[in-house]
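Asker: Handing you a structure now.
The values are calculated or read from the model by the stated rules, or taken from the named source; none is laboratory data. Since this is a predicted model, take the numbers as computed values, not measurements. FYI the Cβ positions are ideal-geometry reconstructions off the backbone, even for glycines, and counts take in every protein chain you see.
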């Protein structure tokens, strides 16, 4: 499964991040939940990888494991590999990983209001990185912070840098969050549902901003979302996650044209469409599996309308379908050839 | 902010009038003759009672008495006790002692309480956490007069490390142990309050953000976690200091400290209405000012709170 990875990418120097067969467990006194069960994906410099999936599919946990900010306990990485520019992170020292955070990889979070510290000014929270990572003076760091706010197109940045998170509107707060993540000029940006808490017009602005900044800086962007609409516009590649696994990986165009996994199919069918107005919205029946008791075989089989006996017994591997497409469905080939 | 403070200060006026009136009427409403025990077992001569009654306006109706008293108070005259001692002199003697004792108690409870709270929150579940939880539960469960007497007997009488009876005009050193006893209950509350607040904030989103920025764990805790966690603790400490400034009847009694608590207690026993009203009114004002200070501090710590 991993050996094929090397054939798909471009120049090896451009491979920013590789996650391979990552397993994470959440251990509580009562039970152990297998939150990640062998996640593999990679991101190249300058590329946008969208990670799609329902809540609880492990999108954010993977990102937290990459950043090294998983809450431990309860979260434990039990197996796998995370490599940044070829360097193994899971065996790296905590000091080395802290050094990478902010500097090489940064993350923005869903709800900027709770993700920003309410008692410090926005400028203070951006300037902090210049002061303690770059050794700048308080004054210089504040000037740099204002420049960062300007970069993310916050009007009147010099004034607003002194304001507190609650004095910002939702969209402006998320911009400030982006400014904060970009302060030390990372090559990899992980955006964990950056637009979920925002209204639709602001969503588009934030996505455009992220896309623009990615292009300007040649960053790799991991965009975690459950919004297929957001993905269509900006993603180069898409990884669809279900029950702690990547079940389909594809370039955006092919995936939209013809999904290679029934789960992706279901996700796409559940987008409301104008020409079906008045009809009931399509949904994927059932609920995502309890991660403490994932069904045998393909974890999606209880909800899958194509499920056969094989699906109940045998876990499908994520396998190559050609042209950088991979799917973890026994019937992936049939799915993309038939219609 | 300035207008808010001014408004709060103006609010003190009706509160002042209200409390003085209530206290004044309550003290004089206590049954019994204030001169009954004043002159020994034989009682006071009628001429003396007559003179005192006139001097303290006791023959006039209560509202008139009150207005006369208030008039004196506004001229800076707290009045005299039945023994002819100026109440202001009593306050001048007792209040510095109370302020010293309260400050010592405050330092103990804040320093030890916050440190214990932070320590347990950072270490997580384990020996230290259990130790602090058990110790604080013990402090909360044991009344101050018990812990006070035990410490007095053990440290003061048996080991002879401290002076078991402090007396008037005490030094800071003499007040250390009484201050510790006085602050011990609040110390337990502060430890638990800090611990809970830190635990809550440990998993806060902004802590994760601070970690994701690559800040050192020390900075994440001391800058991002601590300030948020201390907001409720500071509120508690401020209010508690206001209460401590009102004197500590039990602790003062155990260690024979001549503070404001004992003064009020004795005055109530002797039905010294003038003393009680004067002192308690002063305490009420101090308490209200402390509360105002807490509110201002609260706004300084949490920028989301604005008073205009």
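Asker: Read through the list (1) closer than 30 Å to residue A:20 by Cα; (2) touching a helix residue (DSSP H, G or I) at 6+ places or on another chain (Cβ under 6 Å); (3) at pLDDT below 90, then give the number of the only condition that residue A:86 fails.
Answerer: Of everything listed in (1) closer than 30 Å to residue A:20 by Cα; (2) touching a helix residue (DSSP H, G or I) at 6+ places or on another chain (Cβ under 6 Å); (3) at pLDDT below 90, residue A:86 misses just condition (2).
Asker: Could you check residue B:32 against (1) at negative phi; (2) modelled with pLDDT under 85 and say which number it fails?
Answerer: (1) is the only condition that residue B:32 fails.
Asker: Can we say residue B:234 is in contact (Cβ under 8 Å) with a residue 24 or more places away in the chain and within 14 Å of another protein chain (Cβ to nearest Cβ)?
Answerer: Taking the combined requirement at face value, the residue satisfies it.
Asker: Oh, and also: Mind checking whether some residue in region B:139-149 is assigned to a helix (DSSP H, G or I) and under 30 Å from residue B:221 (Cβ atoms)?
Answerer: Yes, region B:139-149 contains at least one residue that is assigned to a helix (DSSP H, G or I) and under 30 Å from residue B:221 (Cβ atoms).
Asker: Under the condition of being modelled with pLDDT of 90 or more and more than 9 Å from chain B (Cβ to nearest Cβ), which residue from region A:109-135 is farthest from residue A:177 (Cα to Cα)?
Answerer: In this case the residue turns out to be A:131.
Asker: If you don't mind, another one. Out of region B:208-219, which residues are at the interface with another protein chain (Cβ under 10 Å from one of its Cβ atoms) and part of a helix (DSSP H, G or I)?
Answerer: Residues satisfying the conditions are B:208, B:209, B:210, B:211, B:212, B:217, B:219.
Asker: Need a quick list: strands (runs of 3 or more DSSP E) entirely within region A:225-339 having at least 1 residues that are loosely packed, with under 15 Cβ neighbours inside 10 Å and under 25 Å from the mean Cα position of the chain (by Cα).
Answerer: In region A:225-339, the matching strands (runs of 3 or more DSSP E) lie at A:319-322.
Asker: Residue by residue through region A:211-220, note down the ones that are over 17 Å from residue A:103 (Cβ atoms) and touching a strand residue (DSSP E or B) at 6+ places or on another chain (Cβ under 6 Å).
Answerer: Result: A:214, single match.
Asker: So, one more: Exactly one of these conditions fails for residue A:174: (1) more than 12 Å from chain B (Cβ to nearest Cβ); (2) in contact with a strand residue (DSSP E or B) (Cβ under 7 Å, 6 or more places away or on another chain); (3) crowded, with 22+ Cβ neighbours inside 10 Å. Give me its number.
Answerer: Every listed condition holds for residue A:174 apart from (2).
Asker: Considering each of B:294, B:279 in turn, give the residue that is at pLDDT 85 or above, within 16 Å of residue B:95 (Cα to Cα) and more than 14 Å from chain A (Cβ to nearest Cβ).
Answerer: Only one candidate passes the filter, namely B:279.
Asker: Okay, next question. Checking the conditions here, which among A:153, A:162, A:79 is surrounded by fewer than 20 Cβ atoms within 10 Å (Cβ to Cβ) and within 11 Å of another protein chain (Cβ to nearest Cβ)?
Answerer: Unique residue meeting the criteria: A:162.
Asker: Among the residues of region B:186-207, count how many are buried (at least 19 other Cβ atoms within 10 Å of the Cβ) and either within 14 Å of chain A (Cβ to nearest Cβ) or modelled with pLDDT under 90 (or both).
Answerer: 4
Asker: Something else now. When the residues of region A:39-76 are filtered to those that are over 24 Å from residue A:236 (Cβ atoms) and more than 14 Å from chain B (Cβ to nearest Cβ), which remaining residue is surrounded by the most Cβ atoms within 10 Å (Cβ to Cβ)?
Answerer: A:56
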